[in-house]
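Notes follow the structure.
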Amino acid sequence: MRAEEFAAQENVSRETLERLKTYEALLRKWTPKINLVSRSTLDDFWSRHILDSTQILALGPDDAHEWVDLGTGGGFPGVVIAILAAERNPDLSVTCVESDLRKATFLRTVLRETGVSGSVIAERIEAVEPLSADVVSARALAPLPKLLELAEPHLAPGGVALFPKGAEHDSELKEALETWSFRADKIRSRTHPEAVILRIGEIERV
């Protein structure tokens, strides 16, 4: 998938596309230095990373005001969501939590260079004060039981968690239900035939 193909498919403006291209250029520049993403995935940047993150934004509530992305790393999905939300939902506040100081610096650089509002907290997730988010997301961060442990303190009442998961998602759900009670919807991923996005709400420890 090329940038223009993504833009046409997802109906994004020229301004948003230019911001995403700026992000791509920065990611390619920084990755050799601090390993933001696997270099093998850069050739499929627009599908593997941008479209994969875009589909997560679409699953959040329309009236969400606070979005927290845990373990943002190279910016997925948090920075992509912040860039898209600048046009689609300008009232949405996006916070990225990333404990690696070099990666946090990169994330702040992307937000500055793209002119997009958002905040970056450079602390371990466990040390962050509750953020009362309408949505908490995390991509490729931890198994589901651990994700629920990390996300639950930061969700506002009625909030939802959005977690992309691969082919083993059913076994992760089964394991998580041993220690947690929750409602989960499985939405088929648009970028991988065996992957899903888990939309989880009503999270309580058993």
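The values are calculated or read from the model by the stated rules, or taken from the named source; none is laboratory data. Because the structure is predicted, anything quoted here is derived from the model rather than measured. All Cβ positions, even for glycine, are placed from backbone atoms using ideal geometry, and neighbour counts span all protein chains on display.
Yes/no per residue for (1) basic (Lys, Arg); (2) at pLDDT below 95; (3) over 17 Å from Asp69 (Cα atoms):
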| residue | (1), (2), (3) |
| --- | --- |
| Arg139 | yes, yes, no |
| Leu148 | no, no, no |
| Ala156 | no, no, no |
| Gly166 | no, yes, yes |
| Glu175 | no, no, yes |
| His192 | no, yes, yes |
| Ile200 | no, no, no |
| Val206 | no, yes, yes |
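Considering only the stretch 1-87, give the helices (runs of 4 or more DSSP H) lying wholly within it that have at least 2 residues that are at pLDDT 95 or above and out of contact with any strand residue (DSSP E or B) (no Cβ under 9 Å at 6 or more places or on another chain).
On the way: elements: 3-10, 14-34, 52-57.
So the answer is 14-34.
Scanning the stretch 1-33 for residues that are touching a residue at least 60 places away in the same chain (Cβ under 8 Å) and under 17 Å from Leu57 (Cα atoms) gives Val12, Ser13, Thr16, Arg19, Leu20.
Filter the stretch 34-58 down to residues that are surrounded by fewer than 16 Cβ atoms within 10 Å (Cβ to Cβ) and touching a residue at least 40 places away in the same chain (Cβ under 8 Å) and give me whichever is nearest to Ser119 (Cα to Cα). Filtering the stretch 34-58 for residues that are surrounded by fewer than 16 Cβ atoms within 10 Å (Cβ to Cβ) and touching a residue at least 40 places away in the same chain (Cβ under 8 Å), the one nearest to Ser119 (Cα to Cα) comes out as Ile34. Scoring Pro130 on the criteria (1) under 15 Å from Trp67 (Cα atoms); (2) modelled with pLDDT under 95 leaves a single failure, condition (2).
Picking from Val97, Val110, Val68, which residue would you name as being within 19 Å of Asp52 (Cβ to Cβ), of a type in the set (Val, Ile, Thr) and within 12 Å of the chain's Cα centre (by Cα)?
Values: Val97 fails: within 19 Å of Asp52 (Cβ to Cβ); Val110 fails: within 12 Å of the chain's Cα centre (by Cα).
Result of the check over Val97, Val110, Val68: Val68.
A Cβ distance below 9 Å, combined with a sequence gap of six or more or placement on separate chains, defines the contacts here; from the stretch 107-125, residues that are touching a residue at least 12 places away in the same chain (Cβ under 8 Å) and farther than 16 Å from Ile81 by Cβ reach residues that are surrounded by 20 or more Cβ atoms within 10 Å (Cβ to Cβ) and of a type in the set (Asp, Glu) in the pairs Ala122/Glu98; Glu123/Glu98. Taking the stretch 157-175 as the region of interest, how many residues are within 14 Å of Pro130 (Cβ to Cβ) and surrounded by fewer than 17 Cβ atoms within 10 Å (Cβ to Cβ)? Number of matching residues: 1.
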